[in-house]
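Take a look at the structure set out below.
The values are calculated or read from the model by the stated rules, or taken from the named source; none is laboratory data. Being a predicted model, the structure only gives us computed values, none of them experimental. For neighbour counting, all protein chains shown are included, and Cβ atoms are generated from backbone atoms with ideal geometry for every residue, glycine included. Ligands, DNA and RNA are stripped out before the accessible areas are found, and what is left, the full protein with its side chains, is counted by its heavy atoms. Shrake-Rupley method; radii C 1.70, N 1.55, O 1.52, S 1.80 Å.
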Amino acid sequence: MSFKRTFIIGVLATLCSCNPLNVILDDDVDTPIDPTSTKPNILLVIADDMGLDATPNFSEGTIKPNMPNLEALMDTGITFKNVWSYPVCSPTRASILTGKYGSKTGVLEVGNTINTTETSMQQFIADATSNAYASAIIGKWHLSNSASDPITMGVDYFAGLLTGGVQSYTNWNLTENGVTSNSTEYTTTKFTDLAIDWVDEQNKPWFLWLAYNAPHTPFHLAPTNLHSQGNLPTDSGSIDANPTPYYMSAVEAMDTELGRLINSLSAAEKANTVIIFVGDNGTPNQVAQAPYSRRKAKNSLYQGGVNVPMVVSGVGVTRTNEHEEALIHTTDLFATIVSIAGVSTSKRENSTSFYPLLTNLNAVSREYVYTEISNNGLGYAIRNGTYKLIKFDSGTEEFYNLITDEYENTNLIGTTLSSAAANAKTVLEAEALRIRS
């Protein structure tokens with residue numbers, strides 16, 4: 001019998017008497033919480049190529065997908081508005097896994113391979129909690145071509161895609177337990193089936209990293225029962241002419257299947273689960289919407305390429321239906337998830353925990369957020385609460401006031417900077433140099 005059924009009474013009793021995420025955060029200290037308290041389940045959902053312009057309840061974009069399940073999480077949790085990722089997927093995934101910037105792991109672009117000597121958050125949690133958690137990565141890996149690498153890095157179970165994408169959502173290579181076979185099941189549905197089955201088999205708290213490859217290309221019409229875009233023609237000419245509704249069908253299918261996973265949990269297990277939903281980079285340029293242009297979407301250091309949606313909801317999240325403006329980087333998921341799992345870790349490598357923000361509106365957060373690029377020329381972007389600097393090793397640089405110019409239309413380089421702007425640029429350059437050294 002599964003954990004959810006065996007301990008339903010005990011979980012309900014505990015939830016009524018205490019906050020299972022009540023831990024104290026001390027700088028750079030890894031301290032286990034009381035082992036007798038209830039450990040929450042953790043569900044991390046990563047969407048592939050889904051920017052703010054394709055996400056409900058963000059002002060960017062005019063065409064929005066129907067995502068009732070994500071919106072329900074927004075209603076009961078926190079929507080983070082200033083989360084930065086990498087411009088492409090592999091570095092973002094490595095940053096989450098290790099809590100390190102790509103310049104520290106060597107994963108700066110698609111095709112770079114993670115070094116299995118890096119400490120994954122799954123391994124860190126296992127070591128710090130005496131294997132209190134079962135862990136799985138289901139879906140897109142895209143950090144190496146070896147099926148054994150997730151297991152080598154401390155993940156109990158891996159099933160999904162080793163590569164970055166599929167030629168067809170209904171004809172692709174599924175790798176499970178080190179064995180690769182052809183699958184004709186719709187990827188989003190198959191990953192959800194695998195997730196439901198894995199969760200149901202667990203007899204202790206679990207951490208599930210569920211990485212959908214949706215809505216990454218190829219653009220296609222998702223199965224009719226999973227979306228609301230209608231009965232569109234499926235020939236390549238129609239899709240190429242207007243890919244947006246096809247892209248939206250894949251987004252909606254992901255939401256439908258996410259809802260199926262959440263609804264598969266018992267009431268007690270659902271009540272003891274925290275859910276984190278995050279995008280890995282901006283929207284593909286073929287379907288990018290204003291205020292973003294094709295040039296300022298995925299693969300770029302502009303906001304449309306690196307400012308991604310994130311929602312956190314569930315047990316331990318006491319702020320509901322709120323928008324959070326704090327600066328966050330995807331590396332920060334490492335320290336935050338470790339803290340949720342019961343290890344008090346405010347900082348780890350390049351990761352700063354935003355765990356206090358789940359309960360405290362006024363919690364202190366990052367002063368700066370930083371990201372990098374390699375595939376379109378080596379460079380970086382860094383910002384504080386007001387200014388953003390983009391700088392390439394070639395010498396090209398751009399500087400923006402994001403308060404007055406949120407979508408980076410007016411480059412301040414070449415203009416007379418105010419003393420505040422000039423000082424901010426100097427400070428941002430110094431901080432970037434510190435990070436990159």
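Data table
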quantity	calculated
Residue ID - surrounded by the most Cβ atoms within 10 Å (Cβ to Cβ), chosen from residues in region 276-294 that are in contact with a Phe, Trp or Tyr (Cβ under 8 Å, 6 or more places away or on another chain) and under 21 Å from THR410 (Cβ atoms)	GLY282
Flag if THR234 is in contact (Cβ under 8 Å) with a residue 60 or more places away in the chain and open to solvent by 40 Å² or more (accessible area, probe 1.4 Å)	no
Some residue of region 384-395 being modelled with pLDDT of 95 or more, among the β-branched types (Val, Ile, Thr) and outside any helix (DSSP H, G or I)	yes
Selection status of ALA335, part of a loop (DSSP other than H, G, I, E, B), open to solvent by less than 30 Å² (accessible area, probe 1.4 Å) and not acidic (Asp, Glu)	no
Single residue of ASN182, ASN145, ASN173, ASN177 found to be open to solvent by 50 Å² or more (accessible area, probe 1.4 Å), of a type outside the set (D, E, K, R) and at positive phi	ASN177
Qualifying helices (runs of 4 or more DSSP H) (wholly inside region 52-166; at least 1 residues being over 25 Å from ARG383 (Cα atoms))	68-75, 121-128, 149-152
Counted residues, region 191-226 - those being outside any loop (DSSP other than H, G, I, E, B) and open to solvent by 40 Å² or more (accessible area, probe 1.4 Å)	6
Where a residue in region 320-331 is over 15 Å from ILE382 (Cβ atoms) and touching a residue at least 24 places away in the same chain (Cβ under 8 Å) and its partner, wherever it lies, is open to solvent by 20 Å² or more (accessible area, probe 1.4 Å) and among the charged types (D, E, K, R), with Cβ under 6 Å and at least six apart	ASN321/ASP75; HIS323/LYS81; GLU325/LYS81
Residue satisfying condition, being of a type outside the set (Phe, Trp, Tyr), in contact with a Pro (Cβ under 7 Å, 6 or more places away or on another chain) and modelled with pLDDT of 50 or more, within set PRO68, PRO40, PRO91	PRO40
Meets criteria (part of a helix (DSSP H, G or I), over 28 Å from ASN362 (Cα atoms), in contact (Cβ under 8 Å) with a residue 12 or more places away in the chain and open to solvent by less than 10 Å² (accessible area, probe 1.4 Å)) for ALA268	yes
Count of region 381-412 residues which are out of contact with any helix residue (DSSP H, G or I) (no Cβ under 9 Å at 6 or more places or on another chain) and more than 21 Å from ASN299 (Cβ to Cβ)	5
Options ASN321, ASN299, ASN360: the member that is on the phi > 0 side of the Ramachandran plot, more than 18 Å from the chain's Cα centre (by Cα) and surrounded by fewer than 24 Cβ atoms within 10 Å (Cβ to Cβ)	ASN321
Among the candidates TYR380, TYR355, TYR407, TYR370, residue that is surrounded by fewer than 18 Cβ atoms within 10 Å (Cβ to Cβ) and at pLDDT 95 or above	TYR407
Region 363-410, subset over 25 Å from VAL88 (Cβ atoms) and hydrophobic (A, V, I, L, M, F, W, C), residue farthest from the chain's Cα centre (by Cα)	ILE403
Sole exception among (1) free of Cβ contacts under 8 Å to residues at least 60 places away in the same chain; (2) farther than 30 Å from ALA126 by Cβ for ASN263, by number	(2)
Options THR416, THR359, THR426: the member that is farther than 16 Å from TYR302 by Cα, among the β-branched types (Val, Ile, Thr) and touching a Ser or Thr at 6+ places or on another chain (Cβ under 7 Å)	THR359
